[in-house]
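Enquirer: One structure, as structure tokens, below. Some questions next.
The values are calculated or read from the model by the stated rules, or taken from the named source; none is laboratory data. Being a predicted model, the structure only gives us computed values, none of them experimental. Please note: Cβ atoms are built from the backbone with ideal geometry, for glycine as well, and neighbour counts cover all protein chains shown.
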Amino acid sequence: MMLLKIAWRNIWRSKTRSAVVIFAIASGLVGGLFASAWMNGMAQQRVVNTFSIETAHIQLHNPKFAENFDVKKTILSTEEKLKEISKIEGVKAVTSRLIISAMAATANKNMGVTVVGIHPKTEKEVFGLYKKIDTANGNFFISKKKNAIVISKALAKELKVRLKSKIILTFQDYNGEITGAAFKVIGIFKTDNSPWDKSHVFVKDIDLRKVLEITKGQSHEIDILLNDYTQASLISSDIKNIYPELLSEDWSEIQPYLSFITEYMDIMMGVFMLIILGALGFGIVNTMLMVILERTKELGMLMAIGMNKKRIFLMIMLETILLALVGAFVGEIISMFLIKYFGRVGINISSLAEGMESVGYSAISYPVLEPYRYIQITILVILTGIIASIYPAIKALKLNPSESIRTL
Amino acid sequence: MSVIQVKNLTKIYSETEVPVHAVNGIDISFDKGEFAAIVGPSGSGKTTLLNMIGGLEHPTSGSVLVNGKDISELSSSKLIDFRLYNIGFVFQAYNLIPVLTAKENVEFIMQLQNWDKTKMDKRTIGILESVGLGDRINSKPNQLSGGQQQRVAVARALASKPQFILADEPTANLDSKSTNQLLEIMEKLNKEENITFIFSTHDQRVVDKARRVITIDDGKVVSDIVKKV
Ligand SMILES: Nc1ncnc2c1ncn2[C@@H]1O[C@H](COP(=O)(O)OP(=O)(O)OP(=O)(O)O)[C@@H](O)[C@H]1O
Ligand SMILES: [Mg+2]
């Protein structure tokens, strides 16, 4: 207790020097934490976007369909299954889709696309694509009109079409015959992932079903949204037990890179913080060596009157840790405010956005940092303090009390 | 039995070009309750002798027995503990921990010895009052005069009731008024607490107060006078 008191008061003996060290630690942490939060925010958005646009949390397929998108490999009795699944604990919403590869053709161009046949009502409960259509660009199947299609801005540009333009979709139907139909563009969306945008078009289930001659009850995909995405693998294996004939995959199986993103960000943040703390550590060592040099006489006196090496060591270590902690505290408070603020207003990097979107990240990102990160960083700072104090403390112990006393 | 017995004590500094015989075969002993001054010209070996008695320096040869125990055989870390529990020190300057108040400084050694809080409080206040600083217990060293700082140092040295107190030129930085005050306090405490005081000095007024005066020159005792009471 007394050592703690001395250590704490010792920090404030040289106010300017301590202030400089505290400022250095604080700015290092602000930089590190803010950058981490930024990267983390981008990664999380990427993950959440992927759930909302591409994968949902769990998908069911006929195992054979998953192999080569064969129109005939369907899920049977879809309606009953949807009903049953929606009753499973933790399931928030569920919908089914028809999926088929097609050629999209206009007067100008032909392009290969994946046509997704959806039920507008339940689709909107599971997926958020409808939010990616701004008011000037139509809507996501609000009207009951037949043979409507929603495509992306990127595809519209390629095909040189606008709202109300017609697109001819050609595909093999259920019986293997080539068939096609004209669809009218009623909505144009834009997500952060341009390659995906170009290859997906959306039509209503009933329209597509008619063209493909698929009977009621059959579908290609069931998409499930959960209350908590971390439960996906658990619930997915439950579903596997209920429908052993189907292939049930959670988001990490559908898009394995999603779990890599989070892990990768963790590693990046770790490396980043280690570099910053390492640099700060050297600064702290230097400061503490100066402190020891200045207090040679005092330390000699303390040893002379009976303060043993363990206590001297502890006192210096405590002083170092406290100094580092004050810096960390200041830095964490500032970081918390910055991250809160920018987490609300977002950081816009639209000048770089085109490049970012071609790899699936948004132009505006919202930094976030989980509370446990602050605890983690505090522990790391304490460790840095401990390590940084070792060398100065050893130097202090090498002092010879009688010599420092003599030079009084 | 004597508290301190110094036998044929020698200290030779040989790192220098010509080896220096700072202490050159001193035999001397101190009884409990003595109030003894070590005097001698500059460089005569007073500090070296006190440092060896206090276990701050290892003798080249000879021994220092404290209550019959030879401290020159102790390892340096054992010596720290020995000093903590047996010896009170007062130096010429830099005695106090600048970030602690007078009271905290006096408590310091008792804290290291893990004294009970109420006992320690009582002792600290009592001793600060007897050095005349009862009203300055919460002052930091830089708020005290040199003489007051030395009185706090004496209080700290005494508070934990050591076997004896070593003071190397405790009054060297003080004016005559403070010197007198400090000596009176040391004398009073020496009587009240029956604690052995050994101090070195250049100052004739300090010598006058001592009940025993040991004069050394060139590392040797040249006279050892016990005054009659
Ligand atoms: N570390 C050392 N290395 C070499 N010589 C030393 C060392 N310490 C002291 N001496 C020498 O030993 C002798 C005795 O020194 P000491 O400090 O004991 O004298 P002193 O009586 O205390 O003097 P003063 O009255 O000036 O304090 C001196 O000649 C001094 O130069
Ligand atoms: Mg001296």
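Enquirer: Within the stretch A:303-316, take every residue that is closer than 17 Å to A:ARG9 by Cβ, surrounded by 21 or more Cβ atoms within 10 Å (Cβ to Cβ) and in contact (Cβ under 8 Å) with a residue 12 or more places away in the chain and give me the one that is nearest to the other protein chains (Cβ to nearest Cβ).
Expert: Taking the candidates together, the pick is A:MET315.
Enquirer: Within the stretch B:106-131, track down each residue that is within 20 Å of the chain's Cα centre (by Cα) and in a loop (DSSP other than H, G, I, E, B).
Expert: Once the filter is applied, which keeps residues that are within 20 Å of the chain's Cα centre (by Cα) and in a loop (DSSP other than H, G, I, E, B), the stretch B:106-131 yields B:GLN113, B:VAL131.
Enquirer: So, restricting to helices (runs of 4 or more DSSP H) that lie completely within the stretch A:148-244, which ones have at least 3 residues that are crowded, with 18+ Cβ neighbours inside 10 Å and touching a residue at least 60 places away in the same chain (Cβ under 8 Å)?
Expert: Of the helices (runs of 4 or more DSSP H) lying wholly inside the stretch A:148-244, those with at least 3 residues that are crowded, with 18+ Cβ neighbours inside 10 Å and touching a residue at least 60 places away in the same chain (Cβ under 8 Å) span A:205-212, A:232-242.
Enquirer: Would you confirm, using the coordinates I've provided, whether B:LEU50 is within 16 Å of ligand 2 (Cβ to nearest atom) and of a type in the set (A, V, I, L, M)?
Expert: yes
Enquirer: Which of (1) closer than 19 Å to B:ILE198 by Cβ; (2) assigned to a strand (DSSP E or B); (3) within 16 Å of ligand 1 (Cβ to nearest atom) is the odd one out, the single condition B:SER44 does not satisfy?
Expert: That leaves (2) as the condition not met.
Enquirer: Another question, then. For the stretch B:181-229, how many residues meet the condition of being surrounded by fewer than 12 Cβ atoms within 10 Å (Cβ to Cβ), not in a strand (DSSP E or B) and not β-branched (Val, Ile, Thr)?
Expert: Total meeting the criteria: 7.
Enquirer: Taking the stretch A:116-134 only, how many residues are crowded, with 22+ Cβ neighbours inside 10 Å and closer than 22 Å to A:ASP70 by Cβ?
Expert: 2
Enquirer: With of a type outside the set (Lys, Arg) and either within 16 Å of ligand 1 (Cβ to nearest atom) or within 27 Å of B:ILE80 (Cα to Cα) (or both) as the only criterion, which of B:GLN163, B:GLN181, B:GLN143 stands out?
Expert: B:GLN163
Enquirer: Only residues in the stretch B:34-61 that are within 29 Å of B:SER77 (Cα to Cα) and more than 12 Å from chain A (Cβ to nearest Cβ) count as the first member; pair them with residues that are within 6 Å of ligand 1 (Cβ to nearest atom) and not hydroxyl-bearing (Ser, Thr, Tyr), Cβ under 6 angstrom, at least 6 apart or cross-chain, and list the lot.
Expert: Once the first residue is within 29 Å of B:SER77 (Cα to Cα) and more than 12 Å from chain A (Cβ to nearest Cβ) and sits in the stretch B:34-61, its partners that are within 6 Å of ligand 1 (Cβ to nearest atom) and not hydroxyl-bearing (Ser, Thr, Tyr) give B:ILE38/B:LYS46; B:GLY45/B:ALA22.
Enquirer: Looking at B:VAL213, B:VAL206, B:VAL222, B:VAL154, which one is β-branched (Val, Ile, Thr) and either within 16 Å of ligand 2 (Cβ to nearest atom) or at pLDDT below 90 (or both)?
Expert: Of the residues listed, the single one that is β-branched (Val, Ile, Thr) and either within 16 Å of ligand 2 (Cβ to nearest atom) or at pLDDT below 90 (or both) is B:VAL206.
Enquirer: When the stretch B:79-120 is examined, which residues are found to be acidic (Asp, Glu) and within 7 Å of chain A (Cβ to nearest Cβ)?
Expert: Correct list: B:ASP81 only.
Enquirer: Let me ask you something else. Scan the stretch A:279-290 residue by residue and report those that are out of contact with any Pro (no Cβ under 7 Å at 6 or more places or on another chain) and either aromatic (Phe, Trp, Tyr) or touching a residue at least 60 places away in the same chain (Cβ under 8 Å) (or both).
Expert: Across the stretch A:279-290, the qualifying residues are A:ALA279, A:LEU280, A:GLY281, A:PHE282, A:GLY283, A:ILE284, A:THR287, A:MET290.
Enquirer: Follow-up. Considering the stretch A:7-19 alone, what residues qualify as being out of contact with any helix residue (DSSP H, G or I) (no Cβ under 8 Å at 6 or more places or on another chain) and in a helix (DSSP H, G or I)?
Expert: A:ARG9, A:LYS15, A:THR16, A:ALA19
Enquirer: Moving to a separate point now. B:SER14: within 19 Å of the chain's Cα centre (by Cα), loosely packed, with under 15 Cβ neighbours inside 10 Å and within 15 Å of ligand 1 (Cβ to nearest atom), yes or no?
Expert: No; evaluated as a whole, the condition is false for this residue.
Residue-wise test of (1) within 15 Å of ligand 1 (Cβ to nearest atom); (2) farther than 28 Å from B:MET186 by Cα.
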{"site": "B:ASP31", "(1), (2)": "no, no"}
{"site": "B:GLY54", "(1), (2)": "yes, no"}
{"site": "B:ILE71", "(1), (2)": "no, no"}
{"site": "B:LEU74", "(1), (2)": "no, yes"}
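Enquirer: Tell me which residues, restricted to the stretch A:222-242, are of a type outside the set (A, V, I, L, M, F, W, C) and either modelled with pLDDT of 95 or more or in contact with a Phe, Trp or Tyr (Cβ under 6 Å, 6 or more places away or on another chain) (or both).
Expert: Residue satisfying the conditions is A:ASP223 alone.
Okay, residues lined up against (1) in contact with a strand residue (DSSP E or B) (Cβ under 9 Å, 6 or more places away or on another chain); (2) within 16 Å of ligand 2 (Cβ to nearest atom); (3) within 14 Å of chain A (Cβ to nearest Cβ):
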| position | (1), (2), (3) |
| --- | --- |
| B:SER139 | no, no, no |
| B:LEU144 | no, no, no |
| B:PRO162 | yes, no, yes |
| B:ILE165 | yes, no, yes |
| B:ASP168 | yes, yes, yes |
| B:ASN180 | no, no, no |
| B:ASN190 | yes, no, no |
| B:ASN194 | no, no, no |
| B:SER200 | yes, yes, yes |
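Enquirer: What are the residue pairs meeting all of these: first residue in the stretch A:5-22, first residue away from chain B (no Cβ under 14 Å), second residue small (Gly, Ala, Ser), Cβ atoms under 7 Å, and 6 or more apart or on different chains?
Expert: Cβ pairs passing all conditions: A:VAL21/A:GLY283; A:VAL21/A:GLY327; A:ILE22/A:GLY327.
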